[in-house]
1. Using +1 on the beta carbon of Lys and Arg, -1 on that of Asp and Glu, and nothing else charged, what's the dipole of the chain about the Cα centre, debye to 20?
2. Would you mind checking the tilt of helix 191-204 against the longest principal axis of the Cα atoms of the chain, expressed as 0 to 90 degrees and rounded to 10?
3. So if I place +1 on the C-beta of Lys and Arg and -1 on the C-beta of Asp and Glu, and nothing else carries charge, what would the dipole magnitude of the stretch 488-537 be about its Cα centre? I want it in debye, nearest 20.
4. Mean separation of Cα pairs under 8 Å and 6+ residues apart, divided by the residue count of the chain: what relative contact order is that in percent?
5. Taking the solvent-accessible surface of protein heavy atoms with a 1.4 Å probe, what is the per residue accessible area of the stretch 22-115 in Å²?
6. Under 30 Å Cα-Cα from Lys116, which lysines qualify once same-chain neighbours fewer than 8 residues away are excluded?
7. Need one number: the % of Cα-Cα pairs in the stretch 114-178 sitting beyond the 18 Å mark.
8. Can you give the net charge of the other residues whose Cβ lies under 14 Å from the Cβ of Arg406, counting K and R as +1 and D and E as -1?
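The values are calculated or read from the model by the stated rules, or taken from the named source; none is laboratory data. This is a predicted model, so every value here is computed, not measured. In this analysis, Cβ positions are derived from the backbone assuming ideal geometry, glycine residues included, and neighbour counts consider all displayed protein chains. For accessibility, only protein heavy atoms count, side chains too; no ligands or nucleic acids. Shrake-Rupley method; radii C 1.70, N 1.55, O 1.52, S 1.80 Å.
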Amino acid sequence: MSATPELPNPDHVLLLAQELKLKVHQVAATAQLLKEGATVPFISRYRKEVTGELDEVQVTAIRDRLEQLAQMDERRASILASLQERNLLTPALEQAIAAAETLTKLEDVYLPFRPKKRTRATIAKEKGLEPLADLLWAQDPVTDVAAAAAAYVGREFTLDDGKNTKGKIESADDALAGARDILAERMSDDSLARERLRVVYREQAVISSKVLYGKEAEGAKFKDYFDWSEPLAKAPSHRILAMRRGESESFLIMRITLPDELAGQAVVESLFVKGKSPAADQVRLAALDAFKRLLAPAMETEMRLDSKKRADEAAIKVFAENLRELLLAAPLGQKAVLAIDPGFRTGCKVVLLDRQGKLLHNDVVFPDRHATEARDKLKGFVEFFKVEAVAIGNGTGGRETEAFVRSLGLPPSIPVVMVNESGASIYSASEVAREEFPEHDLTVRGAVSIGRRLMDPLAELVKLDPKSIGVGQYQHDVDQPALKRTLDDRVVSCVNGVGVEVNTASKQLLSYVSGLNSATAAAIVARRNEQGPFKSRAELREVPRLGPKAFEQAAGFLRIRDAAHPLDGSAVHPERYALVEQMAADLGATVADLVRDAKLRARIKPEGYVTADVGLPTLKDILAELAKPGRDPRQQFEAFSFQEGVNKPEDLKPGMKLPGIVTNVTAFGAFVDIGVHQDGLVHVSQLADSFVKDPAEVVKPQQKVTVTVVEIDLPRQRIALSMRSNPQLGPRTPQGAGAGSGRARNGPRPGAGPRPPAPLPRSTQSLNADWFSAALNKKK
């Protein structure tokens, strides 16, 4: 018999309820379910009554914050053990440690007691100068500082430096300097001083970057950051990450400083200097030293870490939202597909897939060199394999291949679709692809992936590491564990939101189902291969290593099309089958009758089926599912085609209006594929006629848009696009710094009033920096 899961920490529950603005019972119930091994999709879908209808975002926030608090408790326990071991723990200190609500506050409390390397203060203490420091610290107006310091002249000492170095204090100035070192470290270790300085730095600090001497030519790609500065509080994530990358590659030096150091010094002085006296003068000198030598560098380090964390979170959020839109792109569905991976030198690899995505045949055609043969082959394939759609990769030669296929005169009922092939080469060389197609080379695998992406983007893209799909910014620079966790959560959310057909899904797709993992997914596929398709959800209980808990978590998200029980193909959980059967019996009908007959369903009064375990939220979900069992929540597929005759950047002209597909959304705008093998950038200032704060509020990846070509810079491979009704065409001329745009070389100081060029609300310098960020993250 398994042990009862430990109850959630009540202090954590109360804190989370306050932070997340939720009711205590909602947090407590969710925390308990998580402790019992329930997954986020299962809790949000099938335990609505227990949690008070919390959605996936809220459940995930509770899970993540509980983990953070648990880690903080571990750190708290480690600190207490260290202090106890060194006999430093006092009741007051223990209380302060217990009261610390953040990791930063906890570390501030511990800082004075943390084991340190030898410092100037340590050496001064070994010289016996701490009593003098305490005397100065009291700042008694009657203290004769000169006499007190003179009393230490000639005193001998032995340093604890491993060599037992001996010496003596040479002068009163030496004694005072040592005493000030002790006071400076005391001030630096003060938690209130650090707390107040953090506020000043967060509000006033400036982030800046400069090119390292002699690196101008080698680091030309970072030229927009050779002399850059802007308020840290307003710096967008992509510029922070760009500067950090330039620094990591040894082209830039990045600093975070106060524009006026006096503000920082004033904070320290206000806390520790009392009145005017010779002793207070010494404390004032110590305060100045504490700020410049200890606190300012410490604050800069903290701000670097804080800004990096903030930038990471923003970049990861953008990546996750883009990934979601890509995974939930409209599927073509189960149709026979002819897929082409374009190529010139080695030819176009052609594969034929049946309606389940199974590879039937592969070949190579050369439209450029052997056009007649290629035309005959392709038309023959379409007729023989009864092709219902053509998928063409959007890489090099894609538009030319598309034009060739369209010239074949295929029936209008066969759509010709350009497919984003980002990551297809990575898949084709992966272990997953080798296992699936051991007898075929990389080109065949890549073409198969292109075809399957058209049929079902979600099922195919889950086989890739999300980072290789190319819908993020600075994915290699951000916190990798945090990125992986967030992207995995997003994939899990998409997979379970759509549902998985258990008899056709790959083990990679199954592994993302709630309650399953790679081992149980492989076991399901093995059982399917050995004994044939599953006929019911109940048969899943027979799969080795898939226990009752895993079945509970997974069953509702697994579909079995055309099963004997009509609910096996729906999102109704097996634990509620008896309830639905009772509904049918009360109407003198079967469950199948309920699915078929809307009039029968309309006679059901959900209020009559409310119990202690089942409330109206679940009952409404059940009735909605009975209306459309197993409904795919993704949008209906619509064919799209680029402008004919516009196949390369040289074909573009300012003022052209072109159809395009959004491929990536970033903090500074959106990239749009207009069919010329080079995505154009619609800067955030060009997304709409009105002000746009967040590009994601206007556009999404895979969205079909109409754009105007604003500028083409062929040498630098830049295409500027606009979605405004009357965009300004041609090069942008700098006319001053826009608000929050920062300062480029010889530009205005941070905080200078905005003087935006009409009609653009941002400066050329800022646009250049954003272009640079785009270039660093360019995938095509």
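1. On the way: 108 positive and 105 negative charges, 270 e Å.
Using only the charged Cβ atoms, the result is roughly 1300 debye.
2. For 191-204 against the chain, the angle is about 60 degrees.
3. Details: 6 positive and 4 negative charges, 40 e Å.
Value, rounded to 20: 200 debye.
4. Numbers: 1250 pairs, mean separation 79.9, N = 780.
Dividing the mean separation by the residue count of the chain yields 10 percent.
5. Details: 4840 Å² over 94 residues.
Per residue, the stretch 22-115 has an accessible area of 52 Å².
6. Straight-line reach from Lys116, under 30 Å: Lys105, Lys125, Lys127, Lys163, Lys166, Lys168, Lys274, Lys292, Lys308, Lys309.
7. Working: 776 of 2080 pairs.
Summing the P(r) tail past 18 Å for the stretch 114-178 gives 37 percent.
8. Details: positive: Arg375, Lys379, Arg399; negative: Glu400, Glu402, Glu644.
My count for the surroundings of Arg406 gives 0.
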